[in-house]
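Chemist: Input: one structure, supplied below.
Every number in this text was worked out from the coordinates using simple rules, so none of it is lab data. Here the structure is a predicted model, which is why all the values come from computation and not from measurement. Every residue, glycine among them, receives a Cβ derived from its backbone with ideal geometry; neighbour counts consider all protein chains shown.
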């Protein structure tokens, strides 16, 4: 038995791709039955749509990265005689094959240290009351309800007081 779907005529088709949304929305409109084998599959690139710019940039970027890495390793590890035999006579000193990655690693470590230091400077001391309360703190509100236990509304968002937290965490230590 052939599969059929309920669809509108091709001129009125608002969805260019076969999707459940299309089938559900069109089943309400009482269109005509069309054989699935007559329709395009919807996979791959259609004639009017091309690849997205992000896909092209990603592909070109990945190919460029692979080529640049290969050139770097050829320059860094092949002997000079091989490079001269290939026809490459001008290239930077081999010093930079070690210096650039080393500088980059030191830069990453310094950036991480700087970031951690900025966070320590921005954090208030543990004895500050701003660690417990700030301008967004809310006290819990009691909602008095005359309904059954199952029908009670959800309580509004609020902060739990430090005394309540200490009571819950440390009541066994008393």
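Chemist: Would you please list the contacts, defined by Cβ atoms under 6 Å and residues six or more apart or on different chains, that run from a residue in segment 80-96 that is assigned to a helix (DSSP H, G or I) to a residue that is loosely packed, with under 11 Cβ neighbours inside 10 Å?
Modeler: none
Chemist: I need a count of the residues in segment 117-129 that are part of a helix (DSSP H, G or I) and either surrounded by 10 or more Cβ atoms within 10 Å (Cβ to Cβ) or in contact with a strand residue (DSSP E or B) (Cβ under 9 Å, 6 or more places away or on another chain) (or both). Spell out the reasoning first.
Modeler: First pass over segment 117-129, keeping only residues part of a helix (DSSP H, G or I): 117-122, 129.
Keeping just the survivors that are either surrounded by 10 or more Cβ atoms within 10 Å (Cβ to Cβ) or in contact with a strand residue (DSSP E or B) (Cβ under 9 Å, 6 or more places away or on another chain) (or both) gives 117-118.
The qualifying residues number 2.
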